[in-house]
Amino acid sequence: MAALNAPRMREINRALILNYVRQSPVTRTELAERTGLTRAAISQVVADLIAAGIVVEGHQVEKAGAGRRQVKLFINLDAMYFGGVCLNRGSSWVGLINLRGDLIAEEQMEADFASADEGVD
């Protein structure tokens, strides 16, 4: 197995954390428990995601014992959108999704293309 360099490891950790936050709101402590990463690693990645506007902090959660209250992390669904296009001989479809994968908008158009080049144009 090849060794991972630090930038690649940060990329993997970022994807792992983002996937958990995308699924449902989660605290930093819950992320550490689920991923096995250190609290320091979690804090660094979360700080980067917040700075990029991809993750936002929500309400504080009551803590059962002593210590500071936990803050839930949420995915910022409006941070980015992704588009998809499907071209067929008789029709075409375009769609727009948010970071969670929710379909925001779609449009299907009937078309009869004589060639693939004509359809792309």
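The values are calculated or read from the model by the stated rules, or taken from the named source; none is laboratory data. The structure displayed is predicted, hence computed values, not measured ones. We place every Cβ from the backbone using ideal geometry, glycine too, and count neighbours over all the protein chains shown. Heavy atoms of the whole protein, side chains included, go into the accessibility calculation; ligands, DNA and RNA do not. Shrake-Rupley method; radii C 1.70, N 1.55, O 1.52, S 1.80 Å.
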Quiz item: Just to be sure, is residue 70 surrounded by fewer than 14 Cβ atoms within 10 Å (Cβ to Cβ) and at negative phi?
Solution: no
Quiz prompt | Matching residues in the range 95-107 - criterion: being modelled with pLDDT of 90 or more and surrounded by 11 or more Cβ atoms within 10 Å (Cβ to Cβ) | solution = 95, 96, 97, 98, 104, 106
Self-check item: Within the range 17-35, considering residues that are touching a helix residue (DSSP H, G or I) at 6+ places or on another chain (Cβ under 7 Å) and closer than 11 Å to residue 46 by Cα, the one surrounded by the most Cβ atoms within 10 Å (Cβ to Cβ)
Solution: 17
Exercise. Could you run through the range 1-33 and say how many residues are basic (Lys, Arg) and more than 14 Å from the chain's Cα centre (by Cα)?
Key: 3
Practice problem: Answer with yes or no whether residue 53 is part of a strand (DSSP E or B), closer than 19 Å to residue 100 by Cβ and modelled with pLDDT of 85 or more. | Solution: no
Exercise. Hey, can you tell me all the residues within the range 1-29 that are touching a residue at least 12 places away in the same chain (Cβ under 8 Å) and not basic (Lys, Arg)?
Key: 13, 16, 17, 18, 20, 21, 25, 26, 27, 29
Quiz prompt | Subset of the range 94-121 [within 30 Å of residue 76 (Cβ to Cβ), part of a loop (DSSP other than H, G, I, E, B) and among the charged types (D, E, K, R)] | solution = 100, 102
Quiz item: Yes or no: residue 41 of a type in the set (Gly, Ala, Ser) and surrounded by 17 or more Cβ atoms within 10 Å (Cβ to Cβ)?
Solution: yes
Quiz item: Using beta carbons and a limit of 8 Å, which pairs, at least six apart or on different chains, have the first residue in the range 80-94 and open to solvent by 50 Å² or more (accessible area, probe 1.4 Å) and the second one among the charged types (D, E, K, R) and assigned to a strand (DSSP E or B)?
Solution: 93/106; 93/107; 94/106; 94/107
